[in-house]
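Asker: Supplied in structure tokens, the structure appears directly below.
The values are calculated or read from the model by the stated rules, or taken from the named source; none is laboratory data. All values reported here derive from a predicted model rather than from experimental measurement. Please note: Cβ atoms are built from the backbone with ideal geometry, for glycine as well, and neighbour counts cover all protein chains shown. Surface accessibility is based on the protein's heavy atoms, side chains included, excluding ligands, DNA and RNA. Shrake-Rupley method; radii C 1.70, N 1.55, O 1.52, S 1.80 Å.
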Amino acid sequence: GCQLAQALWPMFATERPGGSPDLFSPGFGSGSRPPRPRAVLVDSEPKVVTAALAPSRFGDAFAFDPEAAAWTQSGRGGNYALGYCGDGGTVFRGGDGVQDLVTRALDCVQRQVEACHGAHIGTVLTHSLGGGTGSGLGSRLAEEIRDAYPHAPLLATSILPISSGENPAQSFNSILALATLQEVVDGVILYENDRLMAAAGGAGGGVPDISGNAVLGPSLSAMNAVIAADLLPFFCPVVAGGGFGAAAPPLDVGELLAAVCPMPTHRFVQVFSGQASAPHGPIAETRPALDALQRRAGAARPGRGGGGGVLLVQAMVRGSSASVDVGALGSDILERLGGATPWQPFAADLRLGAPLRSAPHVVHIGAVVNWRRASHVIEAVADTARRKYDGRAFVHWYERHGLGPGEFEHAFEVLDSVVADYAAA
């Protein structure tokens, strides 16, 4: 999550020159100090957070607030239970005394919310699911944030580990976290590291960043560039038809959730994007970007029983200079994603906007998709975890920290229900 933040926030600063109170504190652009993101960095090890806090890390573009960071030294041993419960002896030592990590993190969140002066319109949590910190501590923070702000929208961006990952218990961590998220957040953007690595050039190629420049893969930075390119148009929205000088609407987490996750039984979405560039001028046609979007999502199209797996999709087209037939383009995107479910006549929500400031000569088409394939991903992870659990493999790692059979059975039950609800949709 903290590494992804270092890919996202430079883009946010580029897209919101002159100040944007939904993403940055009021000091943005004041000249007194660099902009301060409305973000909290949390980790159980110091390396990534302290690197992000380095004064010269992002130049004058922005700087993370050291008072909005919480970290410890001990790690969480790749164990959801240890991440969720803590080790009892780990502390954060800051200028305000000694606190446990969860308390410190929640204090940071509270300060950020209070700094919104009553205009808090939602929280986005980014975390990985394979390790103990992202899965366990991330789940604990999601619960605590939901309890503290029950009426504020809460969206998670959750990244599944590579299927051949080095943590033998990663499937346990993933299913325990996914079950918690299903119960406490309003929506989950679910990424798969296997797919991200392929998109980032796992075969030795490269992936274009949001500006069209090649970021060679496979690497963590290239995979984060893929996610950042996917999310940027949705997290930095614009008014339809507005140019660079038009006032930008704030990121409204609740509006995005209402568009793609209106049903509490179907909270999981996936995000894909495609880009096409013309270095010497604007691009008129959307087809090259549509083709790129289809290549990105094509391998992930629903394959059970043919098409018709899309419940809802919000698509964002940024940068096309041509007149767009919204209805036809929406239908084209749906078709490329495999088609809508038969009962859903209004599956596509298409938005148009000006080019991204960071990519003025790029047509970018992004799609947030709520479809059956998300449940297939969850089902595969749960099946792997169930086989290990039936063999009692690594279960003692979790029992040692107070996580017993009841928690595992509950997680399996929750995810089985998710899979069944999607299958019935």
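Asker: In this structure, does Glu166 turn out to be surrounded by fewer than 18 Cβ atoms within 10 Å (Cβ to Cβ), modelled with pLDDT of 90 or more, at negative phi and of a type outside the set (A, V, I, L, M)?
Answerer: Working: surrounded by fewer than 18 Cβ atoms within 10 Å (Cβ to Cβ): yes; modelled with pLDDT of 90 or more: no; at negative phi: yes; of a type outside the set (A, V, I, L, M): yes.
Taking the combined requirement at face value, the residue does not satisfy it.
Asker: Continuing with the same structure: Can we say Ala367 is in a helix (DSSP H, G or I) and either under 24 Å from Cys85 (Cβ atoms) or not β-branched (Val, Ile, Thr) (or both)?
Answerer: No; evaluated as a whole, the condition is false for this residue.
Asker: Now for a different question. Here's a check for you: in segment 115-124, which residue that is within 15 Å of the chain's Cα centre (by Cα) and surrounded by fewer than 23 Cβ atoms within 10 Å (Cβ to Cβ) is farthest from Ser163 (Cα to Cα)?
Answerer: Applying the first criterion (within 15 Å of the chain's Cα centre (by Cα)) to segment 115-124 yields 122-124.
Still in the running and surrounded by fewer than 23 Cβ atoms within 10 Å (Cβ to Cβ): 122, 124.
Values: Gly122: 32, Val124: 25 Å.
Residue satisfying both the conditions and the ranking: Gly122.
Asker: Could I ask something else about it? List the strands (runs of 3 or more DSSP E) inside segment 96-177, counting only whole elements, that have at least 2 residues being closer than 26 Å to Ala382 by Cβ. Even if it seems obvious, please write down each step before you answer.
Answerer: Working: elements: 97-99, 123-128, 154-160.
Of the strands (runs of 3 or more DSSP E) lying wholly inside segment 96-177, those with at least 2 residues that are closer than 26 Å to Ala382 by Cβ span 123-128, 154-160.
Asker: Next up: Taking the stated definitions as given, is Pro161 modelled with pLDDT of 90 or more, buried (at least 19 other Cβ atoms within 10 Å of the Cβ) and either more than 19 Å from the chain's Cα centre (by Cα) or closer than 29 Å to Tyr389 by Cα (or both)? Steps first, please.
Answerer: Details: modelled with pLDDT of 90 or more: yes; buried (at least 19 other Cβ atoms within 10 Å of the Cβ): yes; either more than 19 Å from the chain's Cα centre (by Cα) or closer than 29 Å to Tyr389 by Cα (or both): yes.
When the stated conditions are applied, Pro161 passes them.
Asker: While we're here: Being polar (S, T, N, Q), open to solvent by 40 Å² or more (accessible area, probe 1.4 Å) and under 27 Å from Ala258 (Cα atoms): is that true of Ser135 here?
Answerer: Details: polar (S, T, N, Q): yes; open to solvent by 40 Å² or more (accessible area, probe 1.4 Å): no; under 27 Å from Ala258 (Cα atoms): yes.
Taking the combined requirement at face value, the residue does not satisfy it.
Asker: Which residues, counting only those in segment 351-361, are buried (at least 22 other Cβ atoms within 10 Å of the Cβ) and touching a helix residue (DSSP H, G or I) at 6+ places or on another chain (Cβ under 8 Å)?
Answerer: Listed by number, the residues that qualify are Gly353, Leu356.
So that you can scan it fast, the table gives a plain yes or no per residue for (1) over 27 Å from Ala200 (Cβ atoms); (2) modelled with pLDDT of 90 or more; (3) in contact with an Asp or Glu (Cβ under 6 Å, 6 or more places away or on another chain); (4) not in a strand (DSSP E or B):
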| position | (1), (2), (3), (4) |
| --- | --- |
| Pro264 | yes, yes, no, yes |
| Gln270 | no, yes, no, no |
| Gly274 | no, yes, no, no |
| Glu285 | no, no, no, yes |
| Asp291 | no, yes, no, yes |
| Leu311 | yes, yes, no, no |
| Val317 | no, yes, no, no |
